[in-house]
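Structure first, commentary second.
The values are calculated or read from the model by the stated rules, or taken from the named source; none is laboratory data. Being a predicted model, the structure only gives us computed values, none of them experimental. All Cβ positions, glycine included, derive from the backbone under ideal geometry; neighbour counts span all protein chains shown.
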Amino acid sequence: MAKLSRSNLMPNEVYTYTILDSFSRMEQCFNDTGYVWDGKLTTSNLQNKIERFITEQGLLDWFTTDRAVISKRPRWKARFTNALIQLVILGCLEANEDGYTRTEKGESSLTGISLHVNATAKQCYIVGFGEHIENPYDPQRLDDTLVPDILKVIPLDIQETYL
């Protein structure tokens with residue numbers, strides 16, 4: 001298999017941030033309606049959220065390598081699965097028979113940051129939350145040293161297989 005350009009792969013932060021943020025969004029939804037949520041999301045729930053995010057943002061038009069079909073499924077699905085496993089290994093999520101719950105470590109890793117995506121301008125990176133609010137169309141990229149490693153980690157099997 002030929003080596004693929006990393007620039008055609010979505011940053012791993014798209015997967016890890018969106019997975020962890022899905023819990024915040026679901027919690028907010030339940031709080032807004034006054035219902036109590038058990039804090040769990042299934043793999044299917046999380047994959048649907050990622051797929052919807054990728055589609056709404058038009059990311060597969062830009063990150064064409066993630067669109068490629070490998071073993072009868074799009075590469076983005078394999079990368080999602082690896083990001084999910086990595087978040088469990090790193091202690092950001094806990095897995096059980098009913099799905100996943102976000103740990104305190106997973107919740108705190110998103111404090112003060114946001115994922116900025118502008119596919120038209122080909123921008124996709126982590127920003128400080130304040131910067132995102134102040135300049136929503138072109139916020140400054142957060143210095144790489146300030147982005148939690150949890151979000152940046154690319155699982156070894158992805159590196160060896162696809163990069």
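Kindly evaluate PHE80 against the criterion of being touching an Asp or Glu at 6+ places or on another chain (Cβ under 9 Å) and of a type in the set (Phe, Trp, Tyr).
Working: touching an Asp or Glu at 6+ places or on another chain (Cβ under 9 Å): yes; of a type in the set (Phe, Trp, Tyr): yes.
It is true that PHE80 is touching an Asp or Glu at 6+ places or on another chain (Cβ under 9 Å) and of a type in the set (Phe, Trp, Tyr).
Six or more apart or on different chains, Cβ under 7 Å: which pairs go from a residue in region 69-94 that's crowded, with 18+ Cβ neighbours inside 10 Å and assigned to a helix (DSSP H, G or I) to one that's at pLDDT below 90 and not aliphatic (A, V, I, L, M)? Could you list them?
ARG75/TYR162; ASN82/PRO155; ASN82/ASP157; GLN86/PRO155
Pull out all pairs, ordered by first then second residue, where Cβ-Cβ is under 7 Å, the residues are six or more apart or on different chains, the first lies in region 109-133 and is part of a strand (DSSP E or B), and the second is surrounded by fewer than 17 Cβ atoms within 10 Å (Cβ to Cβ) and among the charged types (D, E, K, R).
Between residues of region 109-133 that are part of a strand (DSSP E or B) and residues that are surrounded by fewer than 17 Cβ atoms within 10 Å (Cβ to Cβ) and among the charged types (D, E, K, R), the close pairs are TYR125/ARG141; VAL127/ARG141.
Hey, can you tell me all the residues within region 15-38 that are touching a helix residue (DSSP H, G or I) at 6+ places or on another chain (Cβ under 7 Å), of a type outside the set (Ser, Thr, Tyr) and modelled with pLDDT of 80 or more?
Matches in region 15-38: ILE19, LEU20.
Which of the residues belonging to region 104-124 are of a type in the set (Ser, Thr, Tyr) and buried (at least 18 other Cβ atoms within 10 Å of the Cβ)?
SER109, SER114
Is it the case that ILE158 is assigned to a loop (DSSP other than H, G, I, E, B), hydrophobic (A, V, I, L, M, F, W, C) and modelled with pLDDT under 85? Full working, then the answer.
Values: assigned to a loop (DSSP other than H, G, I, E, B): no; hydrophobic (A, V, I, L, M, F, W, C): yes; modelled with pLDDT under 85: yes.
Answer is no for this residue.
If you go through region 39-61, how many residues are assigned to a helix (DSSP H, G or I) and either acidic (Asp, Glu) or at pLDDT below 90 (or both)?
Here the count works out to 3.
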